[in-house]
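Everything below concerns the one structure shown next.
The values are calculated or read from the model by the stated rules, or taken from the named source; none is laboratory data. The structure presented is a predicted model; accordingly, all values stated were derived computationally and were not measured. Cβ placement follows ideal geometry from the backbone for every residue including glycine, while neighbour counts extend to all protein chains displayed. With ligands, DNA and RNA removed, areas are computed over all heavy atoms of the protein, side chains included. Shrake-Rupley method; radii C 1.70, N 1.55, O 1.52, S 1.80 Å.
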Amino acid sequence: MAKITTVQQHIAKQHEEFSEEGVTLGWLMGGLTLATKMIEAKIRSAGLTDVYGAFGAENVQGEQQQKLDVYANEALMDSLGARGSVAALVSEEDEAPVTFDRTIEKGKYIIVFDPLDGSSNIDVNVNVGTIFSVHQRLPAAEGTLAESILQPGTKQVAAGYVVYGPSTVLVYTTGHGVHAFTLDPTIGAFVLTAEHMKMPDKGPYYSVNEANAGTWPEGYEAYVTSLRTTGYSSRYIGSLVADFHRTLLKGGVFLYPPTKKQPGGKLRLLYEANPLAFIAEQAGGLASSGSGRILEIKPEGIHQRTPFMVGSKSEMEAFQKALYK
Ligand code: P6P
(Lines give C-alpha, C1' and ligand atoms only; values in the text may rest on other atoms or scores of the structure.)
Protein backbone atom coordinates (compact mmCIF):
# COMPACT_ATOMS: atom_id res chain seq x y z
CA MET A 1 0.00 0.00 0.00
CA ALA A 2 1.37 3.42 -0.94
CA LYS A 3 2.50 5.25 2.23
CA ILE A 4 0.96 8.71 2.48
CA THR A 5 2.09 11.69 4.56
CA THR A 6 -0.52 14.30 5.43
CA VAL A 7 0.19 17.96 6.09
CA GLN A 8 -0.58 17.54 9.78
CA GLN A 9 1.91 14.66 10.18
CA HIS A 10 4.56 16.45 8.11
CA ILE A 11 4.40 19.79 9.91
CA ALA A 12 4.46 18.08 13.32
CA LYS A 13 7.52 16.02 12.29
CA GLN A 14 9.26 18.98 10.65
CA HIS A 15 8.79 20.99 13.80
CA GLU A 16 11.32 19.49 16.19
CA GLU A 17 10.06 15.96 15.77
CA PHE A 18 6.51 16.17 17.15
CA SER A 19 7.24 18.78 19.80
CA GLU A 20 4.15 20.22 21.51
CA GLU A 21 4.45 23.31 19.27
CA GLY A 22 4.80 21.11 16.20
CA VAL A 23 1.70 19.11 17.06
CA THR A 24 -0.26 22.31 17.76
CA LEU A 25 0.86 23.85 14.46
CA GLY A 26 -0.10 20.61 12.75
CA TRP A 27 -3.55 20.81 14.34
CA LEU A 28 -3.84 24.39 13.05
CA MET A 29 -2.91 23.26 9.56
CA GLY A 30 -5.65 20.64 9.88
CA GLY A 31 -8.13 23.50 10.14
CA LEU A 32 -6.60 25.08 7.07
CA THR A 33 -6.69 21.90 4.98
CA LEU A 34 -10.33 21.31 5.98
CA ALA A 35 -11.35 24.82 4.86
CA THR A 36 -9.37 24.67 1.61
CA LYS A 37 -10.94 21.29 0.76
CA MET A 38 -14.37 22.90 1.24
CA ILE A 39 -13.31 25.83 -0.98
CA GLU A 40 -11.94 23.47 -3.62
CA ALA A 41 -15.21 21.54 -3.73
CA LYS A 42 -17.17 24.77 -4.25
CA ILE A 43 -14.80 25.97 -6.98
CA ARG A 44 -14.95 22.60 -8.78
CA SER A 45 -18.76 22.78 -8.93
CA ALA A 46 -18.91 26.53 -9.64
CA GLY A 47 -20.19 26.14 -13.18
CA LEU A 48 -22.95 23.79 -12.05
CA THR A 49 -24.22 25.60 -8.99
CA ASP A 50 -25.04 29.24 -8.49
CA VAL A 51 -21.74 30.36 -6.91
CA TYR A 52 -20.34 32.37 -9.80
CA GLY A 53 -20.52 36.11 -9.87
CA ALA A 54 -20.73 38.96 -7.45
CA PHE A 55 -22.11 38.57 -3.96
CA GLY A 56 -23.62 42.04 -4.21
CA ALA A 57 -21.48 43.72 -1.58
CA GLU A 58 -18.07 45.34 -1.31
CA ASN A 59 -15.28 44.19 1.00
CA VAL A 60 -13.18 46.45 3.16
CA GLN A 61 -10.97 47.08 0.13
CA GLY A 62 -13.94 48.51 -1.75
CA GLU A 63 -13.73 45.54 -4.12
CA GLN A 64 -16.83 43.71 -5.40
CA GLN A 65 -17.02 40.53 -3.31
CA GLN A 66 -17.53 37.39 -5.37
CA LYS A 67 -19.87 34.79 -3.87
CA LEU A 68 -16.91 32.47 -3.54
CA ASP A 69 -14.91 35.14 -1.64
CA VAL A 70 -17.62 35.15 1.02
CA TYR A 71 -17.81 31.37 1.13
CA ALA A 72 -14.03 30.98 1.35
CA ASN A 73 -13.77 33.56 4.13
CA GLU A 74 -16.52 31.88 6.17
CA ALA A 75 -14.99 28.42 5.69
CA LEU A 76 -11.60 29.61 6.96
CA MET A 77 -13.07 31.64 9.82
CA ASP A 78 -15.16 28.66 11.02
CA SER A 79 -12.47 25.96 10.60
CA LEU A 80 -9.62 27.98 12.11
CA GLY A 81 -11.69 29.74 14.77
CA ALA A 82 -12.65 26.33 16.13
CA ARG A 83 -8.97 25.62 16.89
CA GLY A 84 -8.36 26.46 20.55
CA SER A 85 -4.81 27.66 19.87
CA VAL A 86 -6.00 30.57 17.68
CA ALA A 87 -5.97 34.01 19.32
CA ALA A 88 -6.90 36.05 16.25
CA LEU A 89 -7.76 35.71 12.57
CA VAL A 90 -7.10 38.46 10.01
CA SER A 91 -8.69 38.29 6.56
CA GLU A 92 -8.47 40.45 3.45
CA GLU A 93 -12.27 40.36 3.47
CA ASP A 94 -12.70 41.81 6.98
CA GLU A 95 -11.85 45.32 8.14
CA ALA A 96 -10.71 44.29 11.62
CA PRO A 97 -9.14 41.16 13.12
CA VAL A 98 -11.51 38.54 14.55
CA THR A 99 -10.28 37.82 18.09
CA PHE A 100 -11.11 34.96 20.45
CA ASP A 101 -11.25 35.30 24.20
CA ARG A 102 -8.52 32.76 24.86
CA THR A 103 -5.71 33.00 27.42
CA ILE A 104 -2.20 33.77 26.22
CA GLU A 105 -1.23 30.23 27.22
CA LYS A 106 -3.94 28.67 25.00
CA GLY A 107 -4.45 31.23 22.26
CA LYS A 108 -0.89 31.17 20.94
CA TYR A 109 -1.33 31.77 17.22
CA ILE A 110 -2.53 34.46 14.84
CA ILE A 111 -3.41 33.47 11.27
CA VAL A 112 -3.70 36.07 8.52
CA PHE A 113 -5.07 35.04 5.14
CA ASP A 114 -6.32 36.04 1.73
CA PRO A 115 -9.20 33.57 1.45
CA LEU A 116 -9.48 33.56 -2.32
CA ASP A 117 -6.89 35.61 -4.17
CA GLY A 118 -7.62 36.33 -7.80
CA SER A 119 -11.29 35.43 -7.36
CA SER A 120 -12.31 37.68 -10.26
CA ASN A 121 -10.64 35.03 -12.47
CA ILE A 122 -12.95 32.23 -11.33
CA ASP A 123 -15.71 33.07 -13.83
CA VAL A 124 -13.22 32.50 -16.66
CA ASN A 125 -11.89 29.28 -15.14
CA VAL A 126 -8.42 30.59 -14.28
CA ASN A 127 -6.41 29.30 -11.28
CA VAL A 128 -7.05 31.07 -7.96
CA GLY A 129 -5.55 30.59 -4.52
CA THR A 130 -5.69 30.88 -0.74
CA ILE A 131 -2.65 32.47 0.95
CA PHE A 132 -1.89 32.20 4.69
CA SER A 133 0.66 33.27 7.26
CA VAL A 134 1.00 32.25 10.91
CA HIS A 135 2.48 34.35 13.72
CA GLN A 136 3.00 33.46 17.35
CA ARG A 137 1.36 35.74 19.93
CA LEU A 138 3.95 37.88 21.75
CA PRO A 139 4.40 37.33 25.49
CA ALA A 140 2.35 39.92 27.42
CA ALA A 141 5.54 41.73 28.46
CA GLU A 142 6.62 42.14 24.83
CA GLY A 143 3.41 43.27 23.21
CA THR A 144 -0.35 43.26 22.93
CA LEU A 145 -2.39 41.03 20.63
CA ALA A 146 -2.61 43.93 18.16
CA GLU A 147 1.16 44.27 18.18
CA SER A 148 1.46 40.49 17.73
CA ILE A 149 -0.52 40.83 14.49
CA LEU A 150 1.81 43.54 13.12
CA GLN A 151 5.09 41.61 13.34
CA PRO A 152 7.54 41.68 10.42
CA GLY A 153 7.60 38.76 8.02
CA THR A 154 10.84 37.46 9.54
CA LYS A 155 8.77 36.43 12.58
CA GLN A 156 6.36 34.14 10.68
CA VAL A 157 6.24 30.62 12.16
CA ALA A 158 4.48 29.14 9.10
CA ALA A 159 3.24 30.36 5.72
CA GLY A 160 2.00 29.05 2.43
CA TYR A 161 -0.74 28.86 -0.12
CA VAL A 162 -3.17 26.55 -1.87
CA VAL A 163 -3.42 26.90 -5.65
CA TYR A 164 -6.72 25.64 -7.11
CA GLY A 165 -5.82 24.57 -10.65
CA PRO A 166 -5.88 21.39 -12.76
CA SER A 167 -4.85 19.87 -9.43
CA THR A 168 -5.11 21.45 -6.01
CA VAL A 169 -1.69 21.92 -4.41
CA LEU A 170 -0.79 23.16 -0.93
CA VAL A 171 2.73 24.59 -0.48
CA TYR A 172 4.02 25.51 2.98
CA THR A 173 7.09 26.27 5.06
CA THR A 174 7.79 26.57 8.78
CA GLY A 175 11.35 27.65 8.10
CA HIS A 176 12.50 24.07 7.51
CA GLY A 177 12.28 24.11 3.70
CA VAL A 178 9.36 24.27 1.28
CA HIS A 179 7.08 21.27 0.86
CA ALA A 180 4.10 20.53 -1.40
CA PHE A 181 1.00 18.40 -0.99
CA THR A 182 -1.48 17.47 -3.71
CA LEU A 183 -5.15 16.93 -2.93
CA ASP A 184 -6.03 13.31 -3.66
CA PRO A 185 -9.79 13.43 -4.35
CA THR A 186 -10.10 9.65 -4.01
CA ILE A 187 -9.27 9.89 -0.30
CA GLY A 188 -10.07 13.57 0.32
CA ALA A 189 -6.61 14.35 1.73
CA PHE A 190 -3.62 16.48 0.80
CA VAL A 191 -0.72 14.03 0.41
CA LEU A 192 3.00 14.88 0.36
CA THR A 193 4.27 15.15 -3.23
CA ALA A 194 7.43 17.29 -2.97
CA GLU A 195 9.91 18.04 -0.17
CA HIS A 196 12.60 20.71 0.11
CA MET A 197 11.60 22.42 -3.14
CA LYS A 198 14.19 24.77 -4.65
CA MET A 199 13.47 27.71 -6.96
CA PRO A 200 15.83 27.52 -10.00
CA ASP A 201 18.67 30.05 -9.66
CA LYS A 202 17.69 31.48 -13.05
CA GLY A 203 14.47 31.13 -15.03
CA PRO A 204 13.03 31.64 -18.54
CA TYR A 205 10.14 33.97 -17.58
CA TYR A 206 9.36 37.47 -16.37
CA SER A 207 5.85 38.15 -15.09
CA VAL A 208 4.43 41.68 -14.85
CA ASN A 209 1.41 43.66 -16.06
CA GLU A 210 3.19 45.71 -18.73
CA ALA A 211 0.10 47.88 -19.26
CA ASN A 212 1.36 49.83 -16.22
CA ALA A 213 4.88 50.28 -17.62
CA GLY A 214 4.36 53.95 -18.40
CA THR A 215 3.68 54.72 -14.71
CA TRP A 216 6.44 52.66 -13.04
CA PRO A 217 9.13 54.58 -11.15
CA GLU A 218 12.45 55.15 -12.85
CA GLY A 219 14.51 52.03 -13.43
CA TYR A 220 11.72 49.46 -13.65
CA GLU A 221 11.09 49.82 -17.36
CA ALA A 222 14.80 49.53 -18.17
CA TYR A 223 15.03 46.39 -16.00
CA VAL A 224 12.01 44.72 -17.68
CA THR A 225 13.32 45.76 -21.12
CA SER A 226 16.67 44.13 -20.25
CA LEU A 227 14.80 40.87 -19.64
CA ARG A 228 12.63 41.14 -22.75
CA THR A 229 15.68 41.76 -24.94
CA THR A 230 17.80 38.93 -23.55
CA GLY A 231 15.62 35.95 -24.43
CA TYR A 232 13.08 35.84 -21.58
CA SER A 233 9.44 34.94 -22.29
CA SER A 234 6.59 36.87 -20.71
CA ARG A 235 4.02 34.99 -18.61
CA TYR A 236 1.33 36.94 -16.73
CA ILE A 237 -1.84 35.18 -15.51
CA GLY A 238 -3.09 38.03 -13.33
CA SER A 239 -3.67 35.64 -10.42
CA LEU A 240 -0.89 36.08 -7.85
CA VAL A 241 -0.80 32.51 -6.54
CA ALA A 242 -0.67 31.06 -10.06
CA ASP A 243 2.08 33.47 -11.18
CA PHE A 244 4.04 32.80 -7.99
CA HIS A 245 3.66 29.01 -8.16
CA ARG A 246 5.05 29.00 -11.70
CA THR A 247 7.96 31.20 -10.59
CA LEU A 248 8.69 28.82 -7.68
CA LEU A 249 8.75 25.78 -9.97
CA LYS A 250 10.29 27.22 -13.17
CA GLY A 251 12.22 30.26 -11.91
CA GLY A 252 12.35 33.80 -13.25
CA VAL A 253 10.81 36.90 -11.70
CA PHE A 254 7.36 38.26 -10.80
CA LEU A 255 6.90 41.99 -10.34
CA TYR A 256 4.11 44.20 -9.10
CA PRO A 257 5.89 47.59 -9.03
CA PRO A 258 4.50 50.88 -7.70
CA THR A 259 2.13 52.41 -10.28
CA LYS A 260 0.44 55.81 -10.64
CA LYS A 261 -2.84 54.19 -9.48
CA GLN A 262 -1.15 52.28 -6.63
CA PRO A 263 2.02 54.25 -5.69
CA GLY A 264 2.46 52.06 -2.60
CA GLY A 265 1.98 48.88 -4.62
CA LYS A 266 -1.24 46.87 -5.06
CA LEU A 267 -0.45 43.66 -3.20
CA ARG A 268 -0.93 43.27 0.54
CA LEU A 269 2.04 42.89 2.87
CA LEU A 270 0.60 40.70 5.65
CA TYR A 271 -1.31 38.07 3.69
CA GLU A 272 0.19 38.17 0.19
CA ALA A 273 3.80 39.44 0.07
CA ASN A 274 5.05 38.15 3.45
CA PRO A 275 3.91 34.51 3.11
CA LEU A 276 5.13 34.26 -0.49
CA ALA A 277 8.41 35.97 0.40
CA PHE A 278 8.95 33.44 3.22
CA ILE A 279 8.35 30.57 0.76
CA ALA A 280 10.60 32.18 -1.88
CA GLU A 281 13.53 32.69 0.51
CA GLN A 282 13.18 29.19 1.95
CA ALA A 283 13.39 27.89 -1.64
CA GLY A 284 16.54 29.91 -2.40
CA GLY A 285 14.88 32.92 -4.04
CA LEU A 286 14.60 36.58 -3.00
CA ALA A 287 11.71 39.00 -2.39
CA SER A 288 12.00 42.80 -2.47
CA SER A 289 9.78 45.85 -2.03
CA GLY A 290 12.04 47.75 -4.46
CA SER A 291 13.81 49.41 -1.54
CA GLY A 292 14.54 46.47 0.75
CA ARG A 293 13.78 42.91 1.86
CA ILE A 294 10.00 42.28 2.08
CA LEU A 295 10.34 40.23 5.27
CA GLU A 296 11.97 43.10 7.16
CA ILE A 297 9.15 45.60 6.62
CA LYS A 298 7.56 46.58 9.94
CA PRO A 299 3.81 46.56 9.23
CA GLU A 300 1.80 49.65 10.23
CA GLY A 301 -1.64 48.31 9.34
CA ILE A 302 -3.23 44.92 8.64
CA HIS A 303 -4.26 45.83 5.07
CA GLN A 304 -1.07 47.69 4.19
CA ARG A 305 0.06 47.37 0.56
CA THR A 306 3.62 47.00 -0.76
CA PRO A 307 5.39 46.86 -4.09
CA PHE A 308 6.32 43.19 -4.53
CA MET A 309 9.13 41.71 -6.62
CA VAL A 310 9.97 38.05 -6.09
CA GLY A 311 11.89 35.36 -7.92
CA SER A 312 15.14 33.57 -8.64
CA LYS A 313 18.47 34.69 -7.24
CA SER A 314 19.85 35.68 -10.66
CA GLU A 315 16.93 37.86 -11.75
CA MET A 316 16.44 39.38 -8.30
CA GLU A 317 20.13 40.27 -7.88
CA ALA A 318 19.97 41.97 -11.30
CA PHE A 319 16.82 43.78 -10.13
CA GLN A 320 18.45 44.99 -6.93
CA LYS A 321 21.52 46.14 -8.89
CA ALA A 322 19.27 48.07 -11.29
CA LEU A 323 16.99 49.61 -8.65
CA TYR A 324 18.86 50.01 -5.37
CA LYS A 325 20.79 53.21 -5.88
P1 P6P B 1 -3.58 43.60 -12.18
C2 P6P B 1 -5.93 39.70 -8.47
O3 P6P B 1 -6.94 40.69 -8.49
C4 P6P B 1 -4.71 40.31 -7.77
O5 P6P B 1 -5.05 40.73 -6.50
C6 P6P B 1 -3.56 39.32 -7.75
O7 P6P B 1 -4.01 38.01 -7.64
C8 P6P B 1 -2.86 39.60 -9.05
O9 P6P B 1 -1.48 39.31 -9.00
C10 P6P B 1 -3.09 41.10 -9.25
O11 P6P B 1 -4.27 41.43 -8.52
C12 P6P B 1 -3.29 41.44 -10.69
O13 P6P B 1 -3.43 42.86 -10.75
O14 P6P B 1 -3.55 45.07 -11.81
O15 P6P B 1 -2.37 43.20 -13.02
O16 P6P B 1 -4.87 43.14 -12.77
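Points worth noting:
- Criterion violated by Phe100 - all others in (1) open to solvent by 20 Å² or more (accessible area, probe 1.4 Å); (2) modelled with pLDDT of 95 or more satisfied: (2)
- Within region 261-270, restricting attention to residues that are away from the ligand (no atom under 12 Å from the Cβ) and part of a loop (DSSP other than H, G, I, E, B), the residue that is most open to solvent (accessible area, probe 1.4 Å) is Pro263.
- All positions within region 271-325 that are assigned to a loop (DSSP other than H, G, I, E, B), open to solvent by 50 Å² or more (accessible area, probe 1.4 Å) and of a type outside the set (Gly, Ala, Ser): Lys298, Glu300, Tyr324, Lys325
- Selection status of Val163, within 13 Å of the ligand (Cβ to nearest atom), assigned by TED's automatic domain parsing to the domain that holds Ile43 and surrounded by 14 or more Cβ atoms within 10 Å (Cβ to Cβ): yes
- From Thr182, Thr230, Thr193, residue being in a strand (DSSP E or B), at pLDDT 95 or above and open to solvent by 60 Å² or more (accessible area, probe 1.4 Å): Thr193
- Residues in region 166-179 that are in a loop (DSSP other than H, G, I, E, B) and either among the charged types (D, E, K, R) or touching a strand residue (DSSP E or B) at 6+ places or on another chain (Cβ under 9 Å) (or both) were compared, and the one that is most open to solvent (accessible area, probe 1.4 Å) is Ser167.
- Hits in region 196-227 (condition: open to solvent by less than 30 Å² (accessible area, probe 1.4 Å) and without any contact (Cβ under 8 Å) to a residue 24 or more places away in the chain): Ala213
- Members of region 233-251 found to be away from the ligand (no atom under 13 Å from the Cβ) and either in a helix (DSSP H, G or I) or within 17 Å of Leu170 (Cα to Cα) (or both), listed by number: Leu248, Leu249, Lys250
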